[in-house]
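What follows is a set of notes on a single structure, which appears directly below.
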Amino acid sequence: MSQPKQALLLIGSPRGFKSTSKSLGGYLLDKLSSGYKAEELHIQAAMRSETARAQMLEKASSSDLLILASPLYVDSLPAAVIAALEVLAKQRKSNSPKTQRMVAIVNSGFPEASQNNTALAIYRRFAAEAGIEWAGGLGLGGGGAINGSTLEDAGYVTRNVQKALDLAAADLLEGKAVSLEAVDLMAKPLIQKWLYLFMGNRGWKKQAKANGAQDKLYNQLQP
């Protein structure tokens with residue numbers, strides 16, 4: 001009897017277990033359970049010690065499918081994610097690597113999904129440099145509307161996100177790359193832009209008031 005394929009989700013958010021990256025990656029991982037033995041790791045924790053890093057590298061090297069899920073940080077990826085990609089690429093180049101595929105999910109607080117394009121291009125370049133088959137990238141804007149909730153708990157606003165990940169899972173289970181239909185569905189706004197910005201500004205003002213900084217929101221550094 002053949003061994004089941006291995007899928008490893010690497011979560012790149014510093015927020016850990018309560019992050020939108022985990023929500024998105026975890027949903028996809030669950031949908032892949034019919035064809036893959038699934039596991040997840042948090043990159044931030046894995047990069048804190050040599051032992052944890054070695055465990056991450058061992059699990060990654062034995063996986064058939066890598067799923068990278070992370071937030072957008074200044075048009076790029078969190079520092080821990082970049083460091084992890086560097087050690088993963090080094091390991092792939094120094095050993096006789098097995099055939100792997102990789103899919104990436106990037107979410108951002110900006111309402112436009114296109115803000116994630118550069119970060120997704122970085123992931124794609126990493127796959128090429130590491131000799132991993134690129135199976136596609138999904139970009140989500142307005143991730144603050146999910147804010148670490150499960151997609152099911154987030155409700156109606158994630159209907160297209162769930163459909164996109166359902167399609168992506170079906171593609172991956174069939175050995176195909178993520179379809180353009182899934183990419184387009186993921187990129188659809190969760191809510192209208194004006195409402196998202198209104199709620200975001202309201203949240204900032206609430207946090208500022210709670211920390212006694214409501215009079216400093218418009219401060220600027222002097223040249």
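The values are calculated or read from the model by the stated rules, or taken from the named source; none is laboratory data. On a predicted model such as this, the values are computed, not experimentally measured, just so you know. Neighbour counts run over all protein chains shown; Cβ positions are idealised from the backbone, glycine included.
From S76, S34, grab the single residue that is out of contact with any Lys or Arg (no Cβ under 7 Å at 6 or more places or on another chain), of a type in the set (S, T, Y) and without any contact (Cβ under 8 Å) to a residue 60 or more places away in the chain.
On the way: S34 fails: without any contact (Cβ under 8 Å) to a residue 60 or more places away in the chain.
Just a single option satisfies the conditions, and that option is S76.
If the requirement is being at pLDDT below 95 and either within 22 Å of the chain's Cα centre (by Cα) or assigned by TED's automatic domain parsing to the domain that holds M102 (or both), which of these qualifies: D215, D153? Full working, then the answer.
On the way: D215 fails: either within 22 Å of the chain's Cα centre (by Cα) or assigned by TED's automatic domain parsing to the domain that holds M102 (or both).
It is D153.
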> On the given criteria, is T99 of a type outside the set (F, W, Y), in contact with a strand residue (DSSP E or B) (Cβ under 9 Å, 6 or more places away or on another chain) and in a loop (DSSP other than H, G, I, E, B)?
Replying inline: yes
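Matching residues to (1) at positive phi; (2) in contact with a helix residue (DSSP H, G or I) (Cβ under 7 Å, 6 or more places away or on another chain); (3) of a type in the set (K, R):
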residue	(1), (2), (3)
H42	no, no, no
M47	no, yes, no
E50	no, no, no
R53	no, yes, yes
D64	no, no, no
A83	no, no, no
Q100	no, no, no
P111	no, yes, no
N117	no, no, no
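A quick yes/no check of all residues on (1) closer than 13 Å to I11 by Cβ; (2) modelled with pLDDT of 95 or more; (3) not small (G, A, S):
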{"site": "A38", "(1), (2), (3)": "yes, no, no"}
{"site": "A46", "(1), (2), (3)": "yes, no, no"}
{"site": "E50", "(1), (2), (3)": "no, no, yes"}
{"site": "L66", "(1), (2), (3)": "yes, yes, yes"}
{"site": "D75", "(1), (2), (3)": "no, no, yes"}
{"site": "N95", "(1), (2), (3)": "no, no, yes"}
{"site": "M102", "(1), (2), (3)": "no, yes, yes"}
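May I ask you to list the residues in the stretch 92-113 that are in contact with a Leu (Cβ under 9 Å, 6 or more places away or on another chain) and either of a type in the set (V, I, T) or exposed (fewer than 15 other Cβ atoms within 10 Å of the Cβ) (or both)? Can you show your working first?
Within the stretch 92-113, the subset in contact with a Leu (Cβ under 9 Å, 6 or more places away or on another chain) is 100-111, 113.
Listed by number, the residues that qualify are V103, I105, V106.
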> What number of residues within the stretch 69-96 satisfy the criterion of being in a loop (DSSP other than H, G, I, E, B) and charged (D, E, K, R)?
Replying inline: 1
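Sort out which residues of the stretch 17-37 are small (G, A, S) and either within 11 Å of the chain's Cα centre (by Cα) or under 13 Å from T158 (Cβ atoms) (or both), and write them in order of number. Steps first, answer last, please.
If we filter the stretch 17-37 for residues that are small (G, A, S), which is where we start, we get 19, 21, 23, 25-26, 33-35.
Once the filter is applied, which keeps residues that are small (G, A, S) and either within 11 Å of the chain's Cα centre (by Cα) or under 13 Å from T158 (Cβ atoms) (or both), the stretch 17-37 yields S19, S21, S23, G25, G26.
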> Is it the case that some residue within the stretch 82-92 is assigned by TED's automatic domain parsing to the domain that holds A128, more than 24 Å from G175 (Cα to Cα) and within 15 Å of the chain's Cα centre (by Cα)?
Replying inline: yes
> When both residues are 6+ apart or on different chains and their Cβ atoms are under 6 Å apart, which pairs have a first residue that lies in the stretch 130-152 and is within 15 Å of G16 (Cα to Cα) and surrounded by fewer than 18 Cβ atoms within 10 Å (Cβ to Cβ), and a second that is hydrophobic (A, V, I, L, M, F, W, C) and at pLDDT 90 or above?
Replying inline: none
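Only residues that are assigned to a strand (DSSP E or B) and surrounded by fewer than 22 Cβ atoms within 10 Å (Cβ to Cβ): list them for the stretch 25-64, please.
Pass one, the stretch 25-64, residues assigned to a strand (DSSP E or B): 36-42.
Result: Y36, K37, A38, E39, E40, L41.
Filter the stretch 125-145 down to residues that are within 13 Å of the chain's Cα centre (by Cα) and not in a strand (DSSP E or B) and give me whichever is modelled with the highest pLDDT. Quick ask: steps written out before the conclusion?
Going residue by residue through the stretch 125-145, those that are within 13 Å of the chain's Cα centre (by Cα) are 136-141, 143.
If we keep only those that are not in a strand (DSSP E or B) too, we end up with 141, 143.
On the way: G141: 93, G143: 86.
Residue satisfying both the conditions and the ranking: G141.
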>> Within the stretch 1-24, take every residue that is at pLDDT below 90 and touching a Gly at 6+ places or on another chain (Cβ under 8 Å) and give me the one that is surrounded by the fewest Cβ atoms within 10 Å (Cβ to Cβ).
In response: K18
